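Worksheet for the structure shown next.
Read the figures in this text as sums done on the coordinates, not as results from a lab. None of the values given here were measured: they were computed from a predicted structure.
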Amino acid sequence: MYTAIFVLCKAYGIGYVNEAVEKGISFLGYDFIDYNYASNIHENGFLLHLYQTSENIRAPQAGVHGFYKEKESVNDLRYESENQDVLFILCEACFTSQDSAFVTPMSKLNTLGFSQVTMHSPVYGGGTSEAEFELLTGLSSRVMPGIDYQAYAGLYRDNAETIASEFSSKGYVTLSFHNYYDFFWRRNTVHPKFGFQASFFVYNMPQESWTGLGFPKDSALYDTAYKVYDGLEQGKKAFMFLITVETHGSYKDSDNDHGEGNYVSKMSSAMSS
C-alpha cells in the first residue's frame with residue numbers, strides 16, 4: 001500500500017515526499033543497482049525496486065519536441081572530407097594523462113600521429129552505455145534518471161536521429177561491433193533503432209580469444225571489424241562504431257597498488273591489439 005502511494009507521488013512529482021523517501025532509502029543503505037535489475041530486485045526486494053524504477057520524469061513522445069533544449073554550437077565543427085570511411089572506437093575505461101601524472105600505454109597512440117584531446121565522460125566506474133548514448137545522439141544522459149539504454153530502450157523510435165542514422169541517410173553502411181553480449185545494456189534493441197544496419201557481438205567473433213572468464217580480448221573485436229570491412233561492396237563507404245571491453249574493471253590489487261598494475265597490464269594488451 002505504502003509503496004503504491006510513494007510510486008504515485010514520484011510519478012506526479014510531489015517533491016517533498018520523494019525527497020523524504022530517497023533520504024530514508026539512502027540512510028538504510030539500499031543502493032539502486034541501476035545497471036542490473038535482477039540484482040537490484042535480489043538485493044533490495046521487488047517493492048523497493050518498483051519504487052526505484054518508477055517514472056519520475058516522463059519520456060517525450062516520438063516526433064518533434066522540445067524536451068532537450070537546443071543550443072547553437074559554439075564551434076561549428078563539420079566533417080570536411082567527403083566520401084571517407086569513418087571509424088569510432090569507444091574504449092572501455094581507457095585513459096592517459098596529458099602530463100606526467102598517470103601515463104598509460106594509451107599514450108603510444110601519440111607516436112602514431114593521433115592527437116590527444118580532453119573529453120568529459122558522464123560516468124565513472126561503470127555505466128559505459130551512458131557515454132555511448134551521448135556520443136551517438138549528442139544529448140545529455142543526465143536528463144533522464146537511471147541508465148538510459150537500460151530504462152528506455154523500448155521507447156526509442158525507429159531510425160532515431162543519431163550519428164549512425166545520419167551516415168546511413170548519406171548512403172553509408174553503418175555497423176556496430178562489441179566484443180561482449182548483445183543483451184548487455186540492451187544494445188540488441190538500441191542499435192537498430194539508432195541507425196545501425198548491422199551489429200556484431202561476441203558470438204560473431206573468434207571464440208579462441210575468450211575462455212568465458214573475465215572479458216574477451218579486444219583483438220577479436222578488431223579482427224572481426226577488419227574482416228567485415230574487407231568484405232564490403234567495393235566503393236561502399238562505411239561508418240563503423242567499435243565498443244571495446246578488455247580493459248573493463250575490476251582491477252586486482254597487488255602490493256597495495258590499488259589495481260594500477262592490473263589496469264596498466266590490461267591497457268597494454270588492449271593497445272597492442
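With 10 Å bins beginning at zero, the pair-distance distribution over Cα atoms of the stretch 214-273 amounts to 21, 38, 23, 12, 5, 1 %.
A straight chain from residue 152 to residue 260 at 0.36 nm per residue would run longer than the Cα-Cα distance by 35.4 nm. Length gained on full extension, residue 272 to residue 42, computed as 0.36 nm times the residue gap minus the Cα-Cα distance: 78.9 nm.
Among the listed pairs 217/252; 237/266; 193/217; 236/266; 108/217; 193/237, those whose Cα-Cα separation exceeds 24 Å are 237/266; 193/217; 236/266.
Along its three principal directions, the equivalent ellipsoid of the stretch 131-273 from the Cα gyration tensor extends over semi-axes of 28, 21, 13 Å, largest first. Oblate is the label for the stretch 135-183. Its Cα gyration tensor axes, ordered a ≥ b ≥ c, give a/c of at least 1.5 and b/c at or above a/b.
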